[in-house]
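Taking it in order: structure first as structure tokens, then the write-up.
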Amino acid sequence: MRLAAALLSLTVFAVPAFAQEEVQDAARDRAAVANATDAAIKAAGSWLAILDAGKYGESWSEGAAALRSVVTQAKWEEGLRAVRAPVGAAGARTLTRSQYTRALPGAPAGEYVVLQYSADFAGKPGAVETVVPMREADGSWRVSGYYIK
């Protein structure tokens, strides 16, 4: 009986301690995701400036290793010209959504932040621009995907 009472009292005291650790872990995870998202947004902004300047070759060079491993620089430049020429010059863009994830369909395992912008282009106001930075092995964030709708 004493053993049961002792175990019960240990359980009563252990549950709040365990719950506190879960809360601290969750807070630490939220902070890590927020920091990752901030770094990804900053990297995307720098990369978009290169893209908006028409430096398509440089956007490939500054892209993620995963991007460079699946498309040649020449194909990347050709694809961007085909996508960006019809929409014209970039104007204002506003970040409307960001989502941190560790998995994307068809992409290698890793850390990604999917960023969606409402973007005004000279020939396509109100476009949805999606930029997908990923964390590189060295901890930096580089763009691994880009889409306009």
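The values are calculated or read from the model by the stated rules, or taken from the named source; none is laboratory data. Predicted, not measured: the structure shown is a model, and the values here were computed from it. Quick reminder, even Gly has a Cβ in these numbers, built from the backbone with ideal geometry, and neighbours come from all protein chains shown. Keep in mind that these areas ignore ligands, DNA and RNA; they rest on the heavy atoms of the full protein, side chains included. Shrake-Rupley method; radii C 1.70, N 1.55, O 1.52, S 1.80 Å.
Quick rundown of the values:
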quantity: Per-residue HN-Hα couplings for segment 62-73 [Karplus 6.51, -1.76, 1.60; θ = phi - 60°; Hz; x = Gly/Pro]; calculated: 8, x, 5, 4, 4, 5, 5, 7, 10, 9, 6, 4
quantity: Spin-label model distance (nm) - Asp138 vs Val114, 7 Å beyond Cα toward Cβ; calculated: 2.8 nm
quantity: Theoretical FRET efficiency, 1/(1+(r/R0)^6), r = Cβ-Cβ of Arg97 and Lys42, R0 22 Å, to 0.05; calculated: 0.85
quantity: Accessible surface of Tyr112 - all protein chains present, 1.4 Å probe, nearest 10 Å²; calculated: 0 Å²
quantity: Length added when fully stretched, Ala53-Glu78, from 0.36 nm per residue minus Cα-Cα; calculated: 7.4 nm
quantity: Spatially proximal lysines relative to Lys42 (Cα-Cα < 25 Å; intrachain offsets below 8 disregarded); calculated: Lys55, Lys124, Lys149
